[in-house]
1. Report the gain in length on full extension from residue 311 to residue 161: 0.36 nm times residue separation, minus Cα-Cα distance, nm rounded to one decimal.
2. Measure off 7 Å from each Cα along the Cα-to-Cβ vector at residue 152 and residue 243, then give the distance between these two points in nanometres to one decimal.
3. In what sequence do 162, 22 fall when counting other Cβ within 10 Å, fewest first?
4. Working out 0.36 nm times the residue gap between residue 284 and residue 135, then minus their Cα-Cα distance, what length gain in nm do you get to one decimal?
5. Note the full-extension length gain between residue 231 and residue 274 as 0.36 nm times their separation in residues minus their Cα-Cα distance, in nm to one decimal.
Amino acid sequence: MSVLSPSTPALRTLAPARTPAIVLAVVAAVTTVSASLTDPSHGADSPLLLVLLAVRTTTTMAALGTIGAIVLLLCLPAGPASPAAPAVVRSAAAWAGWWTLLLTGTFAAEALDPATAVAHGGVGPDAGDLDTRLRWLVAGVVLAAATRILARSVRGVVDAWILFAVAAAGLVPATVTGHAAGGGSFWLVVGVLLLHVLSVSVWVGALLGLVTHARGLWTTGVGTATVARFSRVALVCYVGVAASGVATVFTQSTWDELFESPAHLALLAAKVGILAVLGCAGYLQRRAVLPHLAKRGPLLLVLVAAGELVLMATAMGLAVTLTHTA
């Protein structure tokens, strides 16, 4: 049976496809305002700089949303055969469509202002070479577009895993051109960074998907089981984020370099603190929240998840700062 059957009640109760547009508009506005307030020279240095920063941030958000929706689909008790699957598939396709569009916009902005693109492109392994950056962006557009196309034809668990693999590959271009990285072999650096980015994308994206689709998940009777499955995935992601984060620090800095910049060290300590708080929150969620979800429904989930998303957003903001100060 097609997961996109119009007769499925879940299509009327789960989050509509316009949700990504609303989230991305908010992210773009917050990015533009915060970039202007933290450094007024951003707008003066180049007319395209604020646009480029906003497009890059929203592109990252669209990638998170795409990965998260696909993981949520895999967390459903019956996978793509679940009554909640059609709306989740539609959400994945919508996020992937925005991801493709925003990557195309990033390519155009970087091609129009190469100097700004390289100067504010992060310090990934290929961040300083404009031609290489643009080739990676083209690859990213192709993979995001493929994700968008494949999302509309998911029929089973194997299809969903193929979709996840294609979307995960789409994270590579941004990883090698925009994230903090330093010494070591190219593939070692990329491998560590990709583990970090993929772990964060699955964790944050799927949690956002749970919040977005909470009402429909409970309407179709799969809410509690889906959250329980996601909880196990989140634990794996937590370990992945922590391990890859430690590895990233030691591939980009020596002990002496790490302690040379107090501000950098303080930001790193703040990220570690937030990760510790999220670990405690995850433990409490498994012990105190999961047993009560069946009775209290999606409201309890949304309240807890919203707090975690705020902490995650703060950690991601610190990560951006570390990227540009590493």
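1. On the way: separation 150, 0.36 × 150 = 54.00 nm, distance 2.88 nm.
Gain on stretching residue 311 to residue 161: 51.1 nm.
2. 3.9 nm
3. Result, fewest neighbours first: 22, 162.
4. That works out to 49.2 nm of additional length.
5. Once the chain is fully extended between residue 231 and residue 274, it gains 13.6 nm.
Each reported figure results from applying straightforward, stated rules to the coordinates on display, with no laboratory input. Everything numeric in this text was worked out from a predicted model, so none of it was measured. With ideal geometry, Cβ positions are generated from the backbone for all residues, glycine too; neighbour counts draw on all protein chains shown.
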